[in-house]
Structure formats: C-alpha cells, structure tokens
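Worksheet for the structure shown next.
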Amino acid sequence: MRFLFVVSGRDVPSTRFRILPYLPLLESAGHRCDVAYSFPQKYDHFRAIGWRLSQRLKRTVRHWHCLLANRRNYDAIVIEREVFDDDSSDIEAKLRKATQRLVLDLDDGVFLRHEAKFDRVAKMCDVAIAGNRWLADYLASRTPQIEQIPTCVRLADYPLRPAAAQRATTPQIGWIGTTHNVPFLQEAAPALRTVARTIPLQVVVVAPSDERLGEVDLAGVDVRFRKWDPRTEVEMIRDMDIGIMPLSSEEPWMKYKCGLKLIQYLAVGIPGIAAPVGVNDEIMAGNAVGRAASNDAQWQAALEELIGDIQLRQQLGTAGRALVEQKYSIEGNWRRLEAILTGAPAQ
C-alpha cells in the first residue's frame, strides 16, 4: 500500500520521533511511504524573506502537495499534528478529498491554541492516533476511531550506557529539549541551587540555542550549555548521570505532553527525575525508574538521593531501559501503526 505523511519538518521532534523512524519498517513490509515536508519547517521562517513571505511559501508548497496527493491515490494520508500552526484548515480539507483514509497523529496539546480549527480537522479524519490517554480523551468525541501509540524511540539508536560510566563525584544532571521549553528548568532551579551549595554537581542543558537560559535562575550552579545536534543527541544523553524533566502543573498544556525526554533518558539506562504531570506519572511507574518531584522539597530530596547512591541510579536506569523496551520502542509499536494505516487488525 502507499502512504503519504504530511509532516512539520525534518528537525521537528514530532516528525523525528513519531513519523520518520517508522518509515523503514513500513517499507520493509512492502509499503511505499512518501513524506511531504513543510518548507520552511512549520514553526520556522526564512529571515532573508521574512515571516509573511515564508508563510506564503509554506502555503504554496502545501498546495503542490495536495495536487500530488490527488494524482497518486494514496491508501492513507497521515497529518502530523496539523498542516499550519494557525486557524486554517483548508489544506486538511483538500487532503481529506484526496484519500479514502485520513489519519491525524497528535502528540501534544496544540489544539489549545486553535480549538475551533482542531474540532474541524479531527472530525474530517477517519482515525486519530493519540500519544497518550489525555489526548485520546480530547479526541474521543471528535473522531470515529481513536488509537494510542506513545511517543517512542528506536532502540537501535539508543545503546545502553555502561554502568561503570556513572560518576561517583560531580555527577552530570542533564536536560534536553527545545529552546522554547528551556524556561521549564525554573521549576527545578531552587532545588538545584540548594543542592549545589553542599554537593558538587554539573547541570548540562542541551538545546538548539541558549537564548532563553538566562530566564532560569541557576546562580551558584555549574551550568554547561551544549548545542543540540541530531547527530550527537544520543551521545550527549548517554553522558548524563541523571536526566530531569521539570514541568509546571498549573499550565493546561503540560498534561498533554508525551514525556519524550524522560523516555530518552530511560532508553540509555539513566534514571529520571520528573514532574508527575500527565503521562510522566505513568512512565515513572511508581518511582520504579526514577523519582517524581512536584515541589522544591521533593526535587531536592530526589537529587540528593540519586546523587548519593550510584547503585540506586544503576538499578533505576536498568529498570527504565526495560520499560522502554516493553512499551516505548519503535520496534515494538510499528505493527500497530501499520494496522491503523491499512485498516487491518493489529498483529
């Protein structure tokens, strides 16, 4: 069968983790997979021509994609999140007419920005794939068929970190994410400052840019910024001793997140400390793979416990890797995606 994936951009996390890794496996099963990339990427613009002309270029490219879709008779078309980050849905409507099976893949609460638009788009689709149960609940009254596939990693890309690599002194506390999300670190900042007064540690922030790092008060903490690069991303994660994922429970957006960075930490065998918001609470599995932290005292206690106990770090990291192998791997979920696209029962 032939499928079209309408995606946000090669470097956009939702494209990189929820679409592209599945394609080789689908193609190995005999399917043909075409990818229609936003140009420029959905959330970007070309400075040389400005935002307005960049948006016009994106629309021109998407209209061309629709023309091709009409000619190629795709068995299914998958829309990753939405076509444009605005209130429009005309391109989605054209894609609806171009296929017998339109699929929406949703991994975040992007509908909170464009609620009326997502009502229209979700109702156009034959099936929606939700990254977690909160997203599934949102989609339940809008799309005839709802399936859940968590955001996953390809195990082959995430070799297990050797137990001997855990640092006994000055451990590396790591965070990885987008530039926009760097300010989330403020949720853990008071605890990091407190712990750093008495225990040597290093905080490593991996992001495309450090332009928002100044919004986080990490005074007195040894902070190292590393520019994100898809070619070295996994190696930077494997160099961490503990991974952190702070979130604010007061923002409605947070409960819809799919816990990607926490899954990445666990995949290489390092424990995570995370706010138990949304799917993070499920991933933490009752503190079996790390520690949940909702306030300054809990963040401080979790940091001190894991920094001071290498064996516990190794134990939690091993359990985390096993959890990813069981529930959060591309290898373990691609057949479910294939069944959704073809309309066949899952194997």
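Annotations for the structure displayed:
- Selected residue (criterion: surrounded by the most Cβ atoms within 10 Å (Cβ to Cβ)) from residues of segment 210-232 that are in a strand (DSSP E or B) and touching a helix residue (DSSP H, G or I) at 6+ places or on another chain (Cβ under 8 Å): Val223
- Condition check for Ile270: over 14 Å from Tyr328 (Cβ atoms), in a loop (DSSP other than H, G, I, E, B) and open to solvent by less than 10 Å² (accessible area, probe 1.4 Å): yes
- Test: residue in segment 287-295 that is in a helix (DSSP H, G or I), open to solvent by less than 40 Å² (accessible area, probe 1.4 Å) and of a type outside the set (S, T, N, Q): no
- Given (1) at positive phi; (2) within 23 Å of the chain's Cα centre (by Cα), number of the condition Ala128 does not satisfy: (1)
- Here Gly286, Gly272, Gly290 are screened, and the one residue that is more than 20 Å from Ala191 (Cα to Cα) and without any contact (Cβ under 8 Å) to a residue 60 or more places away in the chain is Gly286.
- Residues that are closer than 21 Å to Leu4 by Cβ and surrounded by fewer than 12 Cβ atoms within 10 Å (Cβ to Cβ), drawn from segment 47-62: Thr60
- Failed condition for Val324, given (1) buried (at least 20 other Cβ atoms within 10 Å of the Cβ); (2) modelled with pLDDT under 95: (2)
- Subset of segment 46-68 (residues that are aromatic (Phe, Trp, Tyr) and over 26 Å from the mean Cα position of the chain (by Cα)): Trp64
- Counting only residues that are at pLDDT 95 or above and of a type in the set (Gly, Ala, Ser), segment 260-287 holds 5 of them.
- Candidates are the residues of segment 1-46 that are in a loop (DSSP other than H, G, I, E, B), hydrophobic (A, V, I, L, M, F, W, C) and without any contact (Cβ under 8 Å) to a residue 60 or more places away in the chain; the one that is most open to solvent (accessible area, probe 1.4 Å) is Phe39.
- For the residues Leu247, Leu266, Leu218, the requirement of being under 22 Å from Asp296 (Cβ atoms) and in contact with a strand residue (DSSP E or B) (Cβ under 7 Å, 6 or more places away or on another chain) singles out Leu218.
- Applying the set (1) under 20 Å from Pro150 (Cα atoms); (2) open to solvent by 50 Å² or more (accessible area, probe 1.4 Å); (3) of a type outside the set (S, T, N, Q) to Glu235 leaves exactly one unmet item: (1).
- All conditions in (1) surrounded by fewer than 18 Cβ atoms within 10 Å (Cβ to Cβ); (2) within 21 Å of the chain's Cα centre (by Cα); (3) part of a loop (DSSP other than H, G, I, E, B) hold for Thr198, with the sole exception of (2).
- Single residue of Ile176, Ile149 found to be farther than 17 Å from Trp299 by Cα and in contact with a Phe, Trp or Tyr (Cβ under 8 Å, 6 or more places away or on another chain): Ile176
- Any hit, segment 309-317, residues being touching a Gly at 6+ places or on another chain (Cβ under 8 Å), surrounded by 22 or more Cβ atoms within 10 Å (Cβ to Cβ) and more than 21 Å from Ala189 (Cα to Cα): yes
The values are calculated or read from the model by the stated rules, or taken from the named source; none is laboratory data. Being a predicted model, the structure only gives us computed values, none of them experimental. Counting neighbours? That spans all protein chains shown, and the Cβs are built from the backbone with ideal geometry, glycine included. Please note that ligands, DNA and RNA were not included when accessible areas were found on the heavy atoms of the full protein model with its side chains. Shrake-Rupley method; radii C 1.70, N 1.55, O 1.52, S 1.80 Å.
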